[in-house]
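Quick notes on the structure that follows.
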Amino acid sequence: MASADGKTLLTLEDYRLRAKEVLSSEAWAFYDDATGRKVTYRASSIAYDHYVLRPRILRDVTKRSLSTTILGQPISMPICVAPSANHRYAHPEAEVATARGAADADTLFVLSSFSNASIAEVGRSSGSGLKWMQLYLMKNQEHTLHIVREAEKAGFQALVLTVDLPVISCYSFLAAEDNATSRYYNDPSLRPINLAIDLPEVHEAIRSGDTNIHRYLGTQWQRPMTWADVRWLKSMTSLPIVLKGILTGEAAREASDAGVAGVIVSAHGGRALDGVPAPIDVLSEVVSAVKGQGLEVYLDGGVRCGTDVLKALAMGARAVFIGRPAIWGLACDGASGVTKVLSILRNEFDSSLGLAGESYIYVPLGTTVEPVEPVEPVELHLGST
């Protein structure tokens, strides 16, 4: 893939810069936005620099396997695609292309309930690719149950419940609701199709001029959400449930007590509460809190290169998720761009793994984060096929 000036796109940063060129200013603002002073957004990537790798030399690392399993399902590498909304802002094929790109890389794709493509068409287009479905607990439970049933019918293999957005967060971009030219609020092609179900209030919202129902859906956060809701969701489906938005050991233990299958350590890409820790800085706390309880722990936030992946896995994550980088690839070259971004990360991770020789993590003195105990990488089969 080449940029406008003919340069080959070799890194995620190359894709970021090219995506900024090809996306409209409104689309770029939507994907790149964050809340508050963007402290958490910036910290999520920078925090990886607090951790260094201590390479172990003279080890046979010639036979490396990056494959692993996630909730018992095999994937080619511990690098997955996180849920994010409105992919049609980036490409006409929207989430259909993103899911296909992840399937071509033989890894997991998580579909957002705020997608522009339907659950059914994403299920069909991505074939045997591993897919999970993200959802929210809405004020009207019919929205949530519709997502669950459609995901079950389409062969999705887990549900990802986002728990760190109990109220609407005031993104600076979305705050301009009265902007009559805003495509986000006025373009029917950006409608979250899976939430536009046959309900009187949905029909009324559309009749009243809420063309793509984003404003109506903003009212659906006005309800309490507790651990009882997690147990209710669990009673509604046989699919395993993963909670996204865990940032403390206490929350991870409560998740385990609630019977969920996994947790994603995530700060919502800096788009929820500003000022919370970078996910990598609390990863070892979460891993330690649920050690031995059979709960899988993943990390989502700030992954931009292969050594970021290695550090997360060495600290106990089973896999990492990328959000914005997948969008950059989608904007640049559709499904092929998504696959290419994942391939770049895979190759960087593979190289870092070999050079590190079963490395472990060390936190330099003088950093603002607490040292972590050195631990072996998880599910990295060095020296074996």
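Laboratory data are not the source of any read-out in this text; all were calculated from the coordinates shown. This structure is a prediction, so every number in the text was calculated from the model and none was measured. Here the Cβ is made from the backbone with ideal geometry for all residues, glycine too, and neighbour counts use every protein chain on show.
Annotations for the structure displayed:
- Within the stretch 193-242, the proportion of C-alpha pairs whose separation exceeds 12 Å stands at 70%.
- Gaussian network model of the chain, springs between alpha carbon atoms under 10 Å - residue of Ser208, Ser284, Ser112 with greatest fluctuation: Ser208
- Relative contact order of the stretch 1-119, defined on C-alpha pairs under 8 angstrom at six or more residues apart (%): 18 percent
- Overall, the chain carries a charge dipole of about 340 debye about its Cα centre when +1 sits on the Cβ of Lys and Arg and -1 on the Cβ of Asp and Glu, all other atoms neutral.
- Its Cα centre serving as origin, the stretch 257-304 has a Cβ charge dipole (Lys and Arg +1, Asp and Glu -1) of approximately 120 debye.
- Panel values: the chain, Kirkwood radius from alpha carbon pairs, Stokes-Einstein at 4 °C and 1.567 mPa s, translational diffusion coefficient 61 µm²/s.
- Estimated from helices alone, the mean residue ellipticity of the chain at 222 nm is -11500 deg cm²/dmol (sum of -39500 (n - 2.57) over DSSP H runs with n ≥ 4, per residue).
- Whole-number percent relative contact order across the chain, with pairs defined as alpha carbons under 8 Å at least 6 apart: 26 percent
- Potential lengthening of the chain between Asn140 and Lys20 amounts to 39.5 nm, from the contour at 0.36 nm per residue minus the alpha-carbon distance.
- Counting every alpha-carbon pair across the stretch 44-109, the share separated by more than 20 Å comes to 55%.
- From the Kirkwood radius over Cα pairs of the stretch 1-127, Stokes-Einstein at 10 °C and 1.306 mPa s returns a whole-number translational diffusion coefficient of 90 µm²/s.
- Cross-link table Lys291/Lys340; Lys291/Lys311; Lys20/Lys340; Lys244/Lys291; Lys38/Lys340, entries beyond 26 Å C-alpha to C-alpha: Lys291/Lys340; Lys38/Lys340
- Extending 7 Å from the Cα toward the beta-carbon at both Thr69 and Ile168 defines two label points whose distance is 4.3 nm.
- Unit Cα scatterers, Debye sum, the stretch 247-323: log10 I(q)/I(0) for q = 0.28 Å⁻¹: -1.37
- A straight chain from Asp60 to Arg231 at 0.36 nm per residue would run longer than the Cα-Cα distance by 56.9 nm.
- Remark: spin-label model distance Glu204-Asn347 equals 5.6 nm, labels positioned 7 Å along the Cα→Cβ axis.
- Legend: translational diffusion of the stretch 215-281 by Stokes-Einstein, Rh = Kirkwood radius over C-alpha pairs, 37 °C, 0.692 mPa s; D = 244 µm²/s.
- Selected from Ala252, Ala90, Ala154 as most flexible by GNM, with the chain as the system and alpha-carbon contacts under 10 Å: Ala154
- C-alpha long axis of helix 324-356 to longest principal axis of the chain, angle in °: 20 degrees
- The spacing between the stretch 113-150 and the stretch 28-65, judged by their C-alpha centroids, is 29 Å.
- Taking trypsin sites (Lys or Arg not before Pro) across the stretch 270-332, the ones in a DSSP loop with at most 12 further Cβ atoms lying within 10 angstrom of their Cβ are Lys291.
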